[in-house]
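This report concerns only the one structure given below.
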Amino acid sequence: MQALLGRSGAWLRRRAENVAAALLAVMFLAFMVQIVFRYFLNFPIGWTSELSVITWLWLVLWGAAFVVRENEEIRFDLIYWAVGSRTRIAMGIIVGISIVILYGASLPATLNYVTFMKVEKTSYLKIPFDWLFSIYVVFAVAVIVRYLWLLSRLLRGKDPEAPASGL
């Protein structure tokens, strides 16, 4: 069962990376079209800029939710790795509980705002803002789930991964 979950998780992770790569490709192509139209054809178009911003927004939040691993996140961990295992676990529990509480408390207001924004659309592509901002709800839920999982490991006394060596 554990092996099946591991293979399923790896497959889902690769699909999340595929989505991130597709978003990056769309953003790059829109950017190149924008350059060609603006500087070579002297005919600036707005939808390419809008598409670049939208794909960047989705790429950042999608990547943070599903692609970036916990040990790949940017953080100031000089003090964290200078303390003992039990202190690291306690620090992780405090941070985990704080994040779950803060994101959980903000989720109802976030949902209200996103659903309220269905009345507005983007200027060029006419994408409803509730669709556009829905990625933040996905991101917030993914962060809550990730930190609940991390908390379950920390509460069982499992020390976080050792720091990367050779830096």
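The values are calculated or read from the model by the stated rules, or taken from the named source; none is laboratory data. Because the structure is a prediction, the values reported are computed rather than measured. Counting neighbours? That spans all protein chains shown, and the Cβs are built from the backbone with ideal geometry, glycine included. In case anyone asks, the SASA skips ligands and DNA or RNA and just uses the protein heavy atoms, side chains included. Shrake-Rupley method; radii C 1.70, N 1.55, O 1.52, S 1.80 Å.
General observations
- Evaluated on segment 70-160, the Kirkwood hydrodynamic radius is 15.3 Å, with distances taken between all distinct Cα atoms.
- Of all accessible heavy-atom area on the chain, the percent that carbon and sulfur account for (1.4 Å): 71 percent
- Computed log₁₀ I(q)/I(0) - Debye formula, equal Cα scatterers, no solvent, segment 85-133, q 0.16, 0.24, 0.32 Å⁻¹: -0.59, -0.81, -1.02
- With Cα atoms, 0 to 90° folded angle of helix 129-155 axis to the chain main axis: 10 degrees
- Axis of helix 47-62 versus longest Cα principal axis of the chain: the two differ by about 10°, to the nearest ten degrees.
- FRET E, pair Tyr39, Asn18, Förster distance 30 Å, beta-carbon r, rounded to 0.05: 0.40
- Charge dipole magnitude, Cβ of K and R +1, D and E -1 - the chain, Cα centre, debye nearest 20: 380 debye
- Loop-located GluC sites (Glu not before Pro) in segment 69-109 (DSSP state other than H, G, I, E, B) with a sparse environment of at most 10 neighbouring Cβ atoms within 10 Å: Glu73.
- 5 angstrom amide H check on Lys121, placed H, neighbours 5+ away: Phe129
- Residues Lys158, Lys121 ordered from highest to lowest accessible area at a 1.4 Å probe: Lys121, Lys158.
- Taking each DSSP H run with n ≥ 4 as -39500 (n - 2.57) and averaging over every residue of the chain yields -23500 deg cm²/dmol at 222 nm.
- Gyration tensor (Cα) of the chain, equivalent ellipsoid semi-axes in angstrom: 37, 20, 16
- Average accessible area per residue (Å²) across the chain - probe 1.4 Å, nucleic acids and ligands excluded: 70 Å²
- Normalised contact order of the chain, rounded percent, pairs of Cα under 8 Å and 6 or more residues apart: 24 percent
- Once the C-beta distance of Met32 and Val83 is scaled by a Förster radius of 35 Å, the resulting FRET efficiency is 0.15 to the nearest 0.05.
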